[in-house]
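Down below is the structure, laid out as structure tokens.
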Amino acid sequence: MSIYYGDGGHSGQGRIVQVVQKHLSFQVNSNTQGSWANVNYMNESITPSDSGNQIWVQFNFHVGSNNNGNRINWRITRTGNNDASPRGDADSNRLRCFGSIARSTSGDADPIFLQWIDSPATTSAMTYQLQNWLQVGGSSYAFYNREGNDANSSFVPRCASTIILMEIAA
């Protein structure tokens, strides 16, 4: 039950209405060069209970590459909106993206955290999807939840990813 204040506000504003989470512990590969491509399994759906509510979108993952010098760029799409996530400003031929990393070694799995508050203005089910754009594709991969060389050693990690969607009351 909300408490209503004299200024028109109430205690229900800003509360978490629902939380949807996906946990991925297995490795996912991507090698599409020069265009946006869905990263398999890196998606989650939510159905807002009110069209005025917002969605706090969080994608947390580790990424490696077997190409020292491969740039990996990301954006997050939403059902019906390929540009749902924030992006950098347009500037000549530069790629507009939400996040990016330039790989300098195949022996790391770098943590990436992409999050923002979305205002989808709907009560329909929506899916948020991670996409990547690789500078070098073909036999060069972006590896999710592992490093690039994936040596069989006790100090080489296998990581996990989480996708968290939280509906926030208006």
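Once the Cα-Cα distance is subtracted from the 0.36 nm per residue extended length, the N93 to N40 segment shows a gain of 16.3 nm. Residues F155, F26 ordered from highest to lowest accessible area at a 1.4 Å probe: F155, F26. Surface calculation, 1.4 Å probe, protein heavy atoms: V20 sits at approximately 30 Å² accessible. Rolling a 1.4 Å probe across all protein chains gives D110 an accessible area of roughly 40 Å². When S140, S153, S104, S51 are compared by accessible area at a 1.4 angstrom probe, the order from most to least is S104, S51, S153, S140.
The Cα atoms of segment 49-97 give a gyration tensor whose axes a ≥ b ≥ c have a/c of 1.5 or more with a/b no greater than b/c, which makes the shape oblate. The amide H of A170, built 1.01 Å from its N in the peptide plane, has G14, N53, Q54 as neighbours under 5 Å, considering only residues 5 or more places off or on other chains. Once the C-beta distance of I16 and S104 is scaled by a Förster radius of 30 Å, the resulting FRET efficiency is 0.20 to the nearest 0.05. The modelled label-to-label distance for the pair Q115/S49, using points 7 Å beyond Cα in the direction of Cβ, is 2.1 nm. Does segment 7-86 classify as rounded, prolate or oblate by the C-alpha gyration tensor (a ≥ b ≥ c root eigenvalues; a/c under 1.5 gives rounded; else a/b over b/c gives prolate, otherwise oblate)? Verdict is prolate for segment 7-86. Counting heavy atoms of the protein chains alone, T127 has an accessible area of about 50 Å² for a 1.4 Å probe.
The overall shape of the chain, judged from the alpha-carbon gyration tensor, is prolate: a/c is not under 1.5, and a/b is greater than b/c.
The values are calculated or read from the model by the stated rules, or taken from the named source; none is laboratory data. Quick caveat: nothing in here was measured; it's all calculated off a predicted structure. Heads up, the Cβs are rebuilt from the backbone with ideal geometry, glycines too, and the neighbour counts pull from every protein chain shown. Protein only, heavy atoms only, side chains kept; ligands, DNA and RNA dropped before computing areas. Shrake-Rupley method; radii C 1.70, N 1.55, O 1.52, S 1.80 Å.
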